[in-house]
Amino acid sequence: MSDFKLLINGRLEDGDQTMDVINPATEAVFAVCPRASKAQLDRAVAAAKAAFPGWSNTPIAARKAALLAIAQRIQSKADELARILTQEQGKPLADATAEVYGAAAFFQYFANLDIPVKVIEDGQGRKVEARRKPLGVIGAIVPWNFPLILMAFKVPAALLAGNTVVLKPAATTPLSTLKLCEHIADLLPPGVLNVISDANDLGGELTKHPDVRKISFTGSTATGKKVMAGAADTLKRITLELGGNDAGIVLDDIDPKTTAPKIFQSAFQNSGQVCIALKRLYVHESIYDSMCDELVSLANAAVVGDGLQQGTQLGPLQNKMQFEKVKELIADAAKHGKVMCGGDVPERGYFIRPTIVRDIADGTRLVDEEQFGPVLPVIKYSDPEDALARANASPYGLGGSIWSTDLARAHSFAEKMDAGTVWINKHLDLAPNIPFGGAKQSGLGTELGDEGLMEFTQLQVINMAV
């Protein structure tokens, strides 16, 4: 595996230490990664701070051109980046390739947005304008399930708005981010984008750094609370996209045979390691048995293996800690429900076959907690209003879905779902132009779309006597 470097102030450099990166399909070390020190983090922040005046005063047309150039460069390096991503994250190569191109598409999207001045009032004696100014240095912290696409939720919007960035990928999936930033380093002025990799020991330092004006974080709710606490001393702006336990409610009028494949994909994409995956499924008693049977059939047919092997549909869990957690949840679920398929693990690699658990209820760990793995609890209900109440009882509120052939009926339930995004007859449908954010303990703020862009700005009102 080729060398990987930190990017600080436009220069590629080694970390003050190194750390191993493990391929989750083999459990073997396949690359050595730079590990940044606190001093290197401080230099990255200082570089971003020094670059901010020049970048924020760069015409927005030039910033857009830079984003388009980045998108084109990412596309030109897609094959290399996808192979690195598969080896460090585990996902099938086809999915990794799609993620790389998706990241490029997000840069392209934000390159076509504007930040206009809004005239609130222009009358006799007074003119009022609402302007949007960049914040300063942005700390962007990205998790291990979608390293590149979730980076692209943050970086292009931050840069378009005129901010500078210190980017920190997850400790177990730093390589694709480091390599991508190496490829685009010459497309931005020094210090505008910096990337450091760590061993999960610099997130708190970045969060509390006095020269960082905003933290954009994607990760677990528990860590999100620490980010929020760390940002409090300097009253940093924060965007938190946190954990989810998305419920899907299947009404009694759907056909399990045609609907089950969509539900299966919604639950098991990326081996269930998706913040907005369908994580608990409520099915009406009249179709419960047939839905369970269809899901089991799909689970048994899924091809699980090394993401570099042709034909693989689902890869391993990304890291040993998550692997052990999911195994523990399956063992607990077997005490409270019926494991219909899956749950078995091989001798090597963090693999778990897609697992369907039926005859399980709210109040069990698998239903109440976010599993973040290839396990789906299927819960029987008789009253749709009761299913909705149980779905809403979760402390999480990232997403949810309603499945029905009656769109008006489905829409009425969707309106009452306590979640940031509710889908009807689908799940996991995101796009760069569609705002995304969670309710309750699933996060604060919004990403994507015009609304997400505005979160990287400071509102300034100019009120003039005329």
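The table below gives the values:
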quantity: Close pairs from the range 27-51: first on the phi > 0 side of the Ramachandran plot, partner open to solvent by 30 Å² or more (accessible area, probe 1.4 Å), Cβ under 9 Å, at least 6 apart; calculated: E27/K320; E27/R348
quantity: Residues satisfying the stated conditions in the range 385-403, i.e. closer than 17 Å to D253 by Cβ and either assigned to a strand (DSSP E or B) or in contact with a Leu (Cβ under 6 Å, 6 or more places away or on another chain) (or both); calculated: S401, I402, W403
quantity: Failed criterion for S412 (all others in (1) assigned to a loop (DSSP other than H, G, I, E, B); (2) free of Cβ contacts under 8 Å to residues at least 24 places away in the same chain hold); calculated: (1)
quantity: Top-ranked residue in the range 435-466 [being within 18 Å of the chain's Cα centre (by Cα) and of a type in the set (A, V, I, L, M); ranked as nearest to K225 (Cα to Cα)]; calculated: L444
quantity: Lone qualifier among G139, G162 - being in contact with a His (Cβ under 8 Å, 6 or more places away or on another chain) and in contact (Cβ under 8 Å) with a residue 24 or more places away in the chain; calculated: G139
quantity: A334 small (G, A, S) and surrounded by 19 or more Cβ atoms within 10 Å (Cβ to Cβ); calculated: no
quantity: Spans of strands (runs of 3 or more DSSP E) in the range 216-334 with at least 2 residues farther than 25 Å from S412 by Cα; calculated: 237-241
quantity: Answer from A161, A171, A157 - the residue that is under 20 Å from the mean Cα position of the chain (by Cα) and buried (at least 23 other Cβ atoms within 10 Å of the Cβ); calculated: A157
quantity: Test for A387: is it farther than 30 Å from R132 by Cα, open to solvent by less than 60 Å² (accessible area, probe 1.4 Å) and touching a residue at least 24 places away in the same chain (Cβ under 8 Å); calculated: yes
quantity: Unmet criterion (only one of (1) of a type in the set (G, A, S); (2) more than 21 Å from A158 (Cα to Cα); (3) crowded, with 16+ Cβ neighbours inside 10 Å) for A28; calculated: (3)
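Listed here are the residues, each with its yes/no results for (1) touching a helix residue (DSSP H, G or I) at 6+ places or on another chain (Cβ under 9 Å); (2) open to solvent by 10 Å² or more (accessible area, probe 1.4 Å).
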position: A130; (1), (2): no, yes
position: P147; (1), (2): yes, no
position: A152; (1), (2): yes, no
position: N194; (1), (2): yes, no
position: D201; (1), (2): yes, yes
position: D211; (1), (2): yes, yes
position: I215; (1), (2): yes, no
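The values are calculated or read from the model by the stated rules, or taken from the named source; none is laboratory data. Since this is a predicted model, take the numbers as computed values, not measurements. Note that each Cβ is placed from the backbone with ideal geometry, even for glycine, and that neighbours are counted across all protein chains shown. Side chains included, ligands, DNA and RNA excluded: accessible areas come from the protein's heavy atoms. Shrake-Rupley method; radii C 1.70, N 1.55, O 1.52, S 1.80 Å.
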